[in-house]
Amino acid sequence: MTANVYFAAGADLWPDYRTALQSSCARLGLDVVLADTAPDPAAVDYIVHAPNAPIADFTPFTRCKAVLSLWAGVERIAPNPTLTQPLCRMVDSGLTEGMVEWVTGHALRHHLGMDAHILGQDGVWRGAVKPPLARDRRVTVLGLGELGTACARALAALNFPVTGWSRTEKRIDGIACLCGEDGLQEALARADILVTLLPRTAATENLMNADRFARMPMGSFLINPGRGPLIDDEALLAALDAGRIAHATLDVFRVEPLPPAHPFWAHPKVTVTPHVAADTRTDTAAGVIAENIRRGEAGEPFLFQVDRALGY
């Protein structure tokens, strides 16, 4: 039996993914036909999707067994009322590794006070100023999904005391796990460094507002590689100006690219990175897509299927 796969994720990605998907499917013994141009919708078995896909209405795809996203975040597709097929988000080992490296790199940058040496070489020897050890700097990770858990474990392995917070109760060895509103307040109070890796949902919009910034220790650091709308921009700017937040490293924003006139660009306590914390890697992502096609053809549960009620 041949599975028809429609690559509706953009012409720019097609050349690399065509080769990677063909190779990954062949390794799993799958007989697939890949196409990047609109086929007969009624003949499509699987759709490989990205937010720029030319599909607004999934209704004609009556035979489609699953929509397989190349993105970890699915907030731009999950609410589509025509999407009745199973939707699977991307959990890619390459993307996870990239996120862990970016988060730990910036956490260590702030912990060690690297900016003072990299940006402040003025001929003055300040050898008496030493950072604390990691065991004395508390880190909180908001969001304990695949990415948040991986980052929390990596930071704990560096000897940071790590607190994790999630909507529902979780247990992770070596991580102090909290949940619920009371747990959030406690997690923020422990956040000498705060890493935000929650999905974007109605419940997480502006999660970090003025009240919650006020719960954090004075002079703490914010690292946001999750979603731009998790942060109330005006509240963050006020917290920076008041010294509540010593520095914010931001990789994601409400509008991308971040407009040149946005105050984050010029603020001395903000580092802007252009949504580079983690990216889907073609070879590893193709393996995830191929495995879900194999599962669909074998009648097995899909990996990383989205709960529509929760939005992730």
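Below are the figures for this structure:
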item: Trypsin sites (Lys or Arg not before Pro) within segment 155-247: DSSP coil, no more than 12 neighbouring Cβ in 10 Å; result: R171
item: Net dipole in debye of segment 166-312 [+1 Lys, Arg Cβ; -1 Asp, Glu Cβ; about Cα centre; nearest 20]; result: 60
item: Top positive-direction residue, dipole computed over segment 94-272 with Cβ charges, set V129, L178, L112; result: V129
item: Assigned charges on the beta-carbon of Lys, Arg, Asp, Glu; segment 94-272 dipole about Cα centre (debye); result: 420
item: Mean-position separation - Cα centroids, segment 137-152 and segment 158-221, in angstrom; result: 9
item: Scaled radius of gyration (Cα, divided by 2.2 N^0.38 Å) that segment 14-168 gives; result: 1.51
item: Inter-label distance, nm, simple model (7 Å from Cα along the C-beta direction), W125/R308; result: 6.9
item: Intensity falloff of segment 206-293 expressed as log10 I(q)/I(0), Debye formula with alpha-carbon point scatterers, at q = 0.13, 0.18 Å⁻¹; result: -0.49, -0.76
item: Degrees between helix 146-157 axis and first principal axis of the chain (Cα, 0 to 90, nearest 10); result: 40
item: T37/A203 FRET efficiency (R0 41 Å; Cβ-Cβ; nearest 0.05); result: 0.60
item: The chain: relative contact order as a whole-number percent, Cα under 8 Å and 6+ apart; result: 18
item: From phi via Karplus (6.51, -1.76, 1.60), per-residue ³J(HN,Hα) for segment 221-235 in Hz, x at Gly/Pro; result: 10, 10, 10, 10, x, x, 9, x, x, 5, 9, 7, 4, 5, 5
item: Electrostatic dipole magnitude of the chain [Cβ: Lys, Arg +1; Asp, Glu -1; Cα centre; debye, to 20]; result: 700
item: Semi-axis lengths, Å, segment 128-279, gyration tensor of Cα atoms, sqrt of 5 times eigenvalues; result: 23, 18, 15
item: Share, in percent, of DSSP beta bridges within the chain that are antiparallel, nearest 5; result: 5
item: Positive dipole terminus of the chain, leading residue within P259, N292, L230 (C-beta point charges); result: L230
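All of the numbers you see were taken from the coordinates with simple rules; none came from a lab. Being a predicted model, the structure only gives us computed values, none of them experimental. Glycine gets a Cβ as well: all are built from the backbone with ideal geometry, and neighbour counts include every protein chain shown.
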